[in-house]
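The values are calculated or read from the model by the stated rules, or taken from the named source; none is laboratory data. As the structure is a prediction and not an experimental result, all values here were calculated from the model. Note that we place each Cβ from the backbone using ideal geometry, even for glycine, and neighbour counts take in every protein chain shown. In case anyone asks, the SASA skips ligands and DNA or RNA and just uses the protein heavy atoms, side chains included. Shrake-Rupley method; radii C 1.70, N 1.55, O 1.52, S 1.80 Å.
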Amino acid sequence: MLLYGGSGHAKVIRDCVKAMGQEVYFIFDDNSELKTLNETPIIGPYNPAFNIHEEIVIAIGNNMLRKVVSEKIVHKFARVIHPSVLRSPYASVDVGTVVFHGAVLQADAKVGKHAIINTNAIVEHDCVLDDFVHISPNATLCGNVKVGEGTHVGAGAVVIPNITIGKWCVIGAGSVIIKDIPDYAVVVGSPGRVIKTLEVKV
């Protein structure tokens, strides 16, 4: 497998890949000063002709940057799911997505492309997560929550059942979401309150 991105996020993805019984052979990164990620070679900017039959995962935590990068990739995208994940056979995970150690995906949860379900996050039954979403460590989405494209749900946040969160939102760490959230909102607190609206170009 190949990765695009050689930062700390890539370290965790590589560990997940190893736990799956596979290997990350090479990493692309635009930073020419990076040469290795521990023992894994970093070989420079993305080359669409390099090992074209290998699958790739974008190892970038920033949701918008991950979206931009995804549009220039020609390799087939992999999905990475750590063996410790508790995943219902009725939960679906699309390509490019990574699901880290100890996460839970319950029945009929649907996770889109290039999402991140981080360590010990809980995605309950019938939740629908659009592409490029990031659910941070220990965050909990209760049943039937909808999360729009590119939204970042911070560490330890809790979303009660039947809530819809718009696209490209930021939900602050530890927030408790008890009502629907509009697109581009930054939300903090318990209960969560909108403190500003982002100007996002997608």
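Once neighbouring chains are kept in place and the probe is 1.4 Å, which whole percent of the accessible area of the chain is contributed by carbon and sulfur?
Details: 4930 of 9120 Å².
Result for the chain: 54 percent of the exposed heavy-atom area is carbon or sulfur.
Given the options Val98, Val158, Val74, state which has the largest fluctuation in a GNM of the chain using a 10 Å cut-off (strictly under) for Cα springs.
Its mean-square fluctuation being the largest, the pick is Val74.
May I ask you to derive the FRET efficiency for Tyr25 and Ala155 from their Cβ-Cβ distance with R0 = 25 Å, giving the value to the nearest 0.05? The partial results should precede the final answer.
Numbers: r = 31 Å, r/R0 = 1.25.
Using R0 = 25 Å, I get an efficiency of 0.20.
Might you tell me the accessible area per residue for the chain, computed with a 1.4 Å probe and given in Å²? Provide the component values of the computation, followed by the final result.
Values: 9120 Å² over 202 residues.
That works out to 45 Å² per residue.
Select from Lys67, Lys18, Lys110 the residue whose mean-square fluctuation is largest in a Gaussian network model of the chain (Cα-Cα springs shorter than 10 Å).
Ranking Lys67, Lys18, Lys110 by mean-square fluctuation puts Lys18 first.
What accessible surface, in Å², does a 1.4 Å probe find on Met64, ignoring ligands, DNA and RNA and rounding to the nearest 10?
Around 50 Å² of this residue is reachable by solvent.
Please find the FRET efficiency linking Ala173 to His53, where r is the Cβ-Cβ separation and R0 is fixed at 35 Å, and quote it to the nearest 0.05.
0.30
Using only Cα atoms, tell me the angle between helix 8-19 and the longest principal axis of the chain; keep it within 0 to 90° and round to the nearest 10.
Tilt relative to the chain: about 80 degrees.
Place +1 on the Cβ of every Lys and Arg and -1 on the Cβ of every Asp and Glu in the chain, take the dipole about the Cα centre, and give the residue among Pro182, Phe100, Thr151 whose Cα lies farthest towards its positive end.
Towards the positive end, the residue furthest out is Pro182.
Would you mind telling me the antiparallel percentage of the DSSP bridges in the stretch 1-100, rounded to 5?
Details: 2 of 12 bridges.
The antiparallel fraction comes to roughly 15 percent.
Taking a cut-off of 27 Å between Cα atoms, list the lysines near Lys167, but don't count ones fewer than 8 places away on the same chain.
Lys67, Lys72, Lys76, Lys110, Lys113, Lys146, Lys179, Lys196, Lys201
Starting from the residue with the highest accessible area, list Tyr184, Tyr90, Tyr25, Tyr46 in decreasing order, probe 1.4 Å.
Accessible-area ranking of Tyr184, Tyr90, Tyr25, Tyr46, largest first: Tyr90, Tyr25, Tyr184, Tyr46.
In the full protein assembly as shown, how much of Cys142 is accessible to a 1.4 Å probe, in Å² to the nearest 10?
40 Å²
Pick out, from Ile42, Ile81, His53, the residue whose Cα sits farthest towards the positive end of the charge dipole of the stretch 42-89, with +1 on the Cβ of Lys and Arg and -1 on the Cβ of Asp and Glu.
Ile81
Charges at C-beta only: +1 for Lys and Arg, -1 for Asp and Glu. How large is the resulting dipole of the chain about its Cα centre, in Debye rounded to 20?
Working: 18 positive and 19 negative charges, 50 e Å.
Dipole of the chain, to the nearest 20 debye: 240 debye.
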